[in-house]
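Trainee: Mind having a look at this structure? Questions to follow.
Any read-out appearing in this document is the output of simple, stated calculations on the displayed coordinates, not a laboratory observation. All values derive from a computational prediction rather than experimental measurement. Positions of Cβ are backbone-derived with ideal geometry, glycine not excepted, and every protein chain shown enters the neighbour counts.
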Amino acid sequence: MSNAVLSLQNLNKHFGALQATSDVSLDLKPGEIHALIGPNGAGKSTLIGQIAGNIRPDEGRVFLADTEITGMSIAQRARMGLGRSFQVSSLAEPLSVMRNVMMGVQALQSHSFRFWKPVDRDRQLLEPAYEALERMQLSHRAWTPVFELSHGERRQVEVACALALKPRALLLDEPMAGLGPEGSAKLTELLEALKLEVPILLIEHDMEAVFRLADRISVLVSGSVIAHGDSQAIRQDPRVREAYLGDSDA
Ligand SMILES: Nc1ncnc2c1ncn2[C@@H]1O[C@H](COP(=O)(O)OP(=O)(O)OP(=O)(O)O)[C@@H](O)[C@H]1O
Ligand SMILES: [Mg+2]
């Protein structure tokens, strides 16, 4: 048995005539960042959807550690320890940072709070939320409304929302999107520290961040993994250069 925290086995998904996922197998090991890169429309978000549970694969299996989660609902998977952030921001702008993170915890745990006093319930939500914000170096912004945050801070809050659920594996879909160099550098530094506690499957177009962070990289083109290896191997792979990187970036 492998020691993978997450493993995908022969996933296939089509939308009409389009094969969005074509026989994809990959895994995520403890302590690592595994980056998934590829051009727009390659099927990266579709793959994340099949892991998180909002998209059903046509074929194939998904395991979280030794447990098969292929047939589970989104909430069941999240409770099992699958954390995710979205490509498009899902934060409630007028609410405080803390309230946003707490809502994520509440959505998942509400069934267990039925008989609890509100004050106990709040404590049960506050503690993991605060801890997650501290790990994202954002506790000083806990009571700031989201609309006052910089773009980079919002991305940090989104990761904190996922972290507050104490995930065993984290799926991040383009966390650096739209960030300037400073925001990217900050998030890169935070993710580098985080991976030691929670392994991360990272979708990212920011190649500087990918090459710095990723222990392994899989390259997805038209639904298929065309290459897999460490940063150096991927930089040098002629198929990757042709399909994705372009000679000037490689
Ligand atoms: N629900 C859907 N119905 C039909 N086609 C879809 C659906 N979701 C995605 N697709 C198509 O599947 C392909 C893969 O899309 P996906 O969003 O997974 O790509 P991506 O690699 O995440 O791209 P990007 O880098 O732009 O985010 C695209 O051609 C997209 O148009
Ligand atoms: Mg996408």
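Trainee: Using 0.36 nm per residue of separation minus the Cα-Cα distance, give me the extension gain between Glu192 and Arg235 in nm, one decimal. Can you show the working numbers first?
Mentor: On the way: separation 43, 0.36 × 43 = 15.48 nm, distance 2.01 nm.
Between Glu192 and Arg235, full extension yields 13.5 nm more.
Trainee: Right, another one. Label point 7 Å out from Glu208 along Cα-to-Cβ: which residues of the stretch 176-197 have amide N under 17 Å?
Mentor: What the label zone holds, given the 17 Å backbone N cut-off, is 176-192.
Trainee: Any idea what angle helix 118-135 forms with the longest principal axis of the chain, computed on alpha-carbon atoms, 0 to 90 degrees, nearest 10?
Mentor: With rounding to tens, the tilt is 40 degrees.
Trainee: With no solvent and one equal point scatterer placed on each C-alpha of the stretch 1-68, evaluate the Debye formula and give log10 I(q)/I(0) for q = 0.14, 0.23 Å⁻¹, two decimals.
Mentor: The Cα Debye sum returns log10 ratios of -0.41, -1.04.
Trainee: Please get the size of the charge dipole for the chain, origin at its Cα centre, with Cβ charges of +1 on Lys and Arg and -1 on Asp and Glu, quoted in debye to the nearest 20. Intermediate values should be presented prior to the final figure.
Mentor: Values: 26 positive and 31 negative charges, 172 e Å.
For the chain, the charge dipole is close to 820 debye.
Trainee: Here is a follow-up. Each residue of the stretch 32-43 in turn: what ³J(HN,Hα) in whole Hz from Karplus with 6.51, -1.76, 1.60 and θ = phi - 60°, glycine and Pro shown as x?
Mentor: Each residue's phi maps through the Karplus curve to give 10, 10, 10, 8, 10, 10, x, x, 4, x, 5, x Hz.
Trainee: For the chain, what does -39500 (n - 2.57) per DSSP helix run (n ≥ 4), summed and divided by total residues, give at 222 nm, in deg cm²/dmol to the nearest 500?
Mentor: Values: 8 runs with 87 residues, N = 250.
Helix-only estimate at 222 nm: -10500 deg cm²/dmol.
Trainee: Calculate, for Leu108 and Lys29, the FRET efficiency according to 1/(1 + (r/R0)^6) with r their C-beta to C-beta distance and R0 35 Å; round to the nearest 0.05.
Mentor: Details: r = 25 Å, r/R0 = 0.72.
It comes out at approximately 0.90.
Trainee: Additional query: Could you identify which residue out of Ile234, Ile33, Ile203 has the top mean-square fluctuation in a GNM of the chain using Cα springs shorter than 10 Å?
Mentor: Fluctuation is largest for Ile234.
Trainee: With contacts defined as alpha carbon pairs under 8 Å and 6 or more residues apart, what's the relative contact order of the chain in percent? Walk me through the numbers before you get to the answer.
Mentor: Values: 457 pairs, mean separation 66.9, N = 250.
Once divided by the residue count of the chain, the mean separation gives 27 percent.
Trainee: Something else: For the stretch 128-190 and the stretch 30-88, write down the distance between their C-alpha centroids in whole Å.
Mentor: 20 Å
Trainee: When a/c is below 1.5 the answer is rounded, else prolate if a/b is larger than b/c, else oblate, so apply that to the stretch 117-250 with a ≥ b ≥ c taken from the square roots of the Cα gyration tensor eigenvalues. Mind showing how you got there, number by number?
Mentor: Working: a/c = 2.94, a/b = 2.10, b/c = 1.40.
Prolate.
Trainee: Sticking with this structure for a sec: Please report how many Lys pairs in the chain have alpha carbons closer than 23 angstrom, counting only residues at least 8 apart along the chain or sitting on separate chains.
Mentor: 8
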